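Read the structure below first, then the notes.
Taken together, the values in this text are just the output of simple stated rules run on the coordinates, not laboratory data. Because the structure is predicted, anything quoted here is derived from the model rather than measured. As a convention, Cβ positions derive from the backbone with ideal geometry for all residues, glycine included, and neighbour counts pool all protein chains shown.
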């Protein structure tokens with residue numbers, strides 16, 4: 001058995017993780033990133049234009065005062081995809097805005113399961129920097 005210890009003379013806050021001893025296992029959070037990655041399709045299998053169209057259709061069902069902003073953001077993403085070499089970060093930024101507005105709608109929770117496969121596919125295609133789009137699923 002180890003006699004390791006940690007002594008803190010003040011306070012610890014934020015995202016600090018400290019442990020001492022032998023054979024430690026530490027779980028921080030609820031492993032959502034791992035869980036979400038396991039549900040994503042391979043990026044090369046994603047038909048991004050089809051997924052974006054499905055996302056747009058699902059978001060159109062919201063009763064939101066921000067519907068025009070949601071539609072504009074989705075349209076920006078679709079416009080970027082028309083380019084010969086679309087910038088994934090531009091698509092991601094537009095979708096982040098659309099999802100942000102959508103979450104403000106009182107009816108957002110009613111379409112989460114409809115959104116899920118499309119957001120997972122889109123996030124996979126966009127890459128790891130955009131897995132944050134899946135945070136709406138908890």
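Before moving on, here are some points about what is shown:
- Taking the criterion of being farther than 18 Å from residue 114 by Cβ and part of a helix (DSSP H, G or I), the residues of the stretch 36-47 that qualify are 37, 38, 43, 44, 45.
- Residue 93 fulfils the conditions (1) touching a residue at least 12 places away in the same chain (Cβ under 8 Å); (2) within 19 Å of residue 132 (Cβ to Cβ) except for a single criterion, (1).
- Qualifying residue in the stretch 128-135 (condition: within 19 Å of residue 76 (Cα to Cα), surrounded by 16 or more Cβ atoms within 10 Å (Cβ to Cβ) and in contact with a helix residue (DSSP H, G or I) (Cβ under 9 Å, 6 or more places away or on another chain)): yes
- Filtering 93, 83, 109 for residues that are part of a helix (DSSP H, G or I) and loosely packed, with under 15 Cβ neighbours inside 10 Å leaves a single hit, 109.
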